[in-house]
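Read through the structure below, which is laid out as structure tokens, and then see the notes.
The numbers here are math on the coordinates, done by the rules we state, and not lab data. Predicted model, so just to flag it, every value in this text is computed and none were measured. A quick note on method: Cβ atoms are made from the backbone with ideal geometry, for glycine too, and the neighbour counts reach across all protein chains shown.
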Amino acid sequence: MRSPKEMRIIQIDITNACIHACSNCTRFCGNHKKPFFMEEDAFKKAVDSLEGFPRTIGVMGGEPTLHPKFEVFARYIAEKHPPTYKHNPARWPVRNFIRYMWDKNYFWHESMNTRHGPGFWGGGGQKYYEYFETIQDAFPYQLINDHKNNAMHQPLLVSRKDLGITDEEWLPLRDACWIQNMWSATATPKGAFFCEVAGALDMLFDGPGGWPVEPGWWKREPEEFGEQLKWCELCGAALRTKGRLSSEEIDDVSPTLYEMLEKAGSPKLRQGRVALLGDDKLSETNLQDKKNWYIDSYMERISAENKSLFPRELKKLQTAEPFDLAGLLAGAGSDWVLAYAGEEPRSAVLEDIYNYVLNPGVVYPFGGRAALFNVRASALRGVSGSFDFAGFTRLWPDGKRAELTNWAEEDVNPDLEYWAAFAKESGALTEQVRAALNKIASDYGRTVEI
Ligand code: SF4
Ligand code: SF4
């Protein structure tokens, strides 16, 4: 066990609503009669209580983008717990977004900001697309997992007593629990917890709640965890059990927990998606003892068939200049628009637009007479009037314009040169940052000018 102050990440659980009910989910999604949605005041209090925490504060679900106030929360945490260097939002078209995000996490979060700043944990689905701009603006670190992959989840609703584990055997196992030692403490609507799974158990089984969410709660030492450690008695994370594919959406539970789920009225149990832990689920080793205990590679976190982040629609609108914005938008549909005066522009991205991930918060001009944009861009909110294309594209701030006229896709992260220049010009080019840039370049078989 370790103090939350030693952790790399402390989470704030804003909801346990989710689009999945994965096997052995750490938040037990699918087992609640009704999901919770954290109140705005509670969220702000949780962020404020973590003032001084030197690493990542995560926004976590369930699926956090299902929270109706997700955007408000994202903006608040970005303002209150900003990264040391303001990271750039994803700007250029990319075919492999998860690979881009891997590099971005590594450069901005691990190297430049040394892990300080907001983090996002979510599924990369429809709602992620809806909030794409906000998420890129607010979160330098993102751990996306659409759970349509081969992720293995260890049984969690397991009592060590059901498995015949004695007190003597138990305490060293518990204290070495991989979740508490590798992952996070959390704040839920019911208080602050030394461990994220303890917080989720308290929610599922209507427990007494956590510590008051007040400044410094996260500085408690293990000797002060007290009554909260009782939740470990109902948790299998520290035990030697085998994982199950998350996509099977079946929970493996021991008899005591089965009964508790029955009493709690678990919908998942009623649906026949809770299995009693059989001998086939016991193991000589723990899941974390295996090298690839969870998922083989970060790159698998968004599966190839997941098209949620790609454009849905492209409307092409020819217009005269200047044009009335309201008039243009009236025929624009609900997603991407290519507006142009004169000749329709040609580009590799436009030819194959449904296979690129583009940031809906960015405008992509083509010379001075055309622009590709998304009707949901924050730059357009509350704007009206008459524009030529030069004036129109200036509605977006500098970091959210990406000229596509001469853009040619290369098999290299499109931000790499920009990151290198930024590190150099801002005086942040430490050996660690230089090594990170070289590492990213070498992953593409390239070098970068630094
Ligand atoms: S995606 Fe799966 S593992 Fe993640 S919160 Fe939802 S149900 Fe749980
Ligand atoms: S055993 Fe469960 S509740 Fe206890 S620290 Fe580990 S994950 Fe948390």
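Mind running the shape call on segment 314-400? Use the C-alpha gyration tensor, a ≥ b ≥ c as the square roots of the eigenvalues: rounded below 1.5 for a/c, prolate if a/b tops b/c, oblate otherwise. Intermediate results must be reported in sequence, preceding the final value.
On the way: a/c = 1.42, a/b = 1.19, b/c = 1.20.
Rounded is the answer for segment 314-400, as its axis ratio a/c remains below 1.5.
Place +1 on the Cβ of every Lys and Arg and -1 on the Cβ of every Asp and Glu in the chain, take the dipole about the Cα centre, and give the residue among GLN432, SER384, TRP121 whose Cα lies farthest towards its positive end.
SER384
Using the number of other C-beta atoms within 10 angstrom as an exposure proxy, rank MET1, MET299 with the fewest first.
Ordered by Cβ neighbours within 10 Å, fewest first: MET299, MET1.
Considering only C-alpha atoms, what is the centroid distance from segment 34-82 to segment 310-388, in Å?
So the two Cα centres are separated by 32 Å.
Antiparallel as a % of all DSSP beta bridges within the chain, to the nearest 5?
Percent antiparallel among DSSP bridges in the chain is about 45.
Arrange the following residues from fewest to most other Cβ atoms within 10 Å of their Cβ: ASP335, ASP411, ASP202. Walk me through the numbers on the way to the answer.
Details: ASP335 15, ASP411 9, ASP202 20.
The most exposed by this proxy come first: ASP411, ASP335, ASP202.
Take the alpha-carbon centre of segment 115-150, take the same for segment 191-218, and report the distance between them in whole Å.
Here the two parts' Cα centres lie 24 Å apart.
At 7 Å along the Cα-to-beta-carbon direction for both LYS219 and TRP407, put a label point, then send me their distance in nm to one decimal.
Going by the 7 Å Cα→Cβ label model, 4.7 nm.
How much of the DSSP beta bridge set in segment 314-400 is antiparallel, as a percent to the nearest 5?
DSSP beta bridges in segment 314-400 are roughly 65 percent antiparallel.
Positive end of the charge dipole of the chain (Lys, Arg +1 and Asp, Glu -1 on Cβ, about the Cα centre): tell me which of ALA339, PRO360, CYS195 has its Cα farthest that way.
Checking the options against the dipole of the chain, the answer is ALA339.
How big is the charge dipole of the chain about its Cα centre, in debye rounded to the nearest 20, if each Lys and Arg gets +1 on its Cβ and each Asp and Glu gets -1 on its Cβ?
360
Within segment 134-153, which residues have the backbone N less than 13 Å from the label spot 7 Å out from GLU248 along Cα→beta-carbon, could you tell me?
Residues 151-153 fall inside that zone.
Counting Lys and Arg as +1 and Asp and Glu as -1, what is the net charge of the other residues whose Cβ lies under 10 Å from the Cβ of ARG2?
Charge balance in the 10 Å sphere: -2.
Roughly how big is segment 314-400's charge dipole about its Cα centre, with Cβ charges of +1 (Lys, Arg) and -1 (Asp, Glu), in debye to the nearest 20?
With only Lys, Arg, Asp and Glu charged at Cβ, the dipole is about 240 debye.
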